[in-house]
1. For the stretch 61-77, indicate whether the set of residues that are crowded, with 16+ Cβ neighbours inside 10 Å and touching a residue at least 12 places away in the same chain (Cβ under 8 Å) is non-empty.
2. Is there a residue being on the phi > 0 side of the Ramachandran plot and surrounded by 10 or more Cβ atoms within 10 Å (Cβ to Cβ) anywhere in the stretch 129-147?
3. Which residue out of Ile54, Ile31, Ile27 is surrounded by 10 or more Cβ atoms within 10 Å (Cβ to Cβ), among the hydrophobic types (A, V, I, L, M, F, W, C) and either within 23 Å of the chain's Cα centre (by Cα) or on the phi > 0 side of the Ramachandran plot (or both)?
4. Answer yes if at least one residue in the stretch 100-120 is surrounded by fewer than 16 Cβ atoms within 10 Å (Cβ to Cβ), small (Gly, Ala, Ser), more than 17 Å from Tyr156 (Cα to Cα) and at pLDDT below 90, and no otherwise.
Amino acid sequence: MKEKILIWCKNRLGCLIPLGIFFIFMICFSIYSVWYNNTPEGKKAAIEYEKQVIAIEKEQQKQGQLKKEQEQKDSYLLKAVMLCEDAVKNSLKTPATAEFPVITESKYQDIGNNTFVVASYVDNENVYGAKVRNNYNCTIKMTGNNSGMVQKLNFY
């Protein structure tokens, strides 16, 4: 029985000694950290760290804002192309036959102040049933909430 108790104690002490050393190390490290943060060098390092964190957060906010603005601009551009297509359809004599290219084939430009110029074409049948291609240039002023107003529509 005595031997079993000695073996049990050896096994437990074998685990407890490294655990005790670890806890002593953590206590010493904590004391050093508190002491260092109260020294002028530690306070200076903490201030520099805070400045870096603040600078990173500001940069992330700026990038988020730029991304949001770009998404809004892309949304306006897509809506502007759709509004131009609607305006072109409304000006055709046979709007049901209108076929527009995919958006990547259209040319567009942001001229500022939420105003876009779209240059593209439409294929449709004329009154005699022949397919014709009409090139157009359309200026759209976006007014918010993905709505806009056609300012100019020219066929050439």
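The values are calculated or read from the model by the stated rules, or taken from the named source; none is laboratory data. From a predicted model like this one, the values you see are computed outputs, not experimental measurements. With ideal geometry, Cβ positions are generated from the backbone for all residues, glycine too; neighbour counts draw on all protein chains shown.
1. For the stretch 61-77, residues crowded, with 16+ Cβ neighbours inside 10 Å and touching a residue at least 12 places away in the same chain (Cβ under 8 Å): present.
2. For the stretch 129-147, residues on the phi > 0 side of the Ramachandran plot and surrounded by 10 or more Cβ atoms within 10 Å (Cβ to Cβ): present.
3. Testing whether each residue is surrounded by 10 or more Cβ atoms within 10 Å (Cβ to Cβ), among the hydrophobic types (A, V, I, L, M, F, W, C) and either within 23 Å of the chain's Cα centre (by Cα) or on the phi > 0 side of the Ramachandran plot (or both) leaves just Ile54.
4. Yes, that holds for at least one residue.
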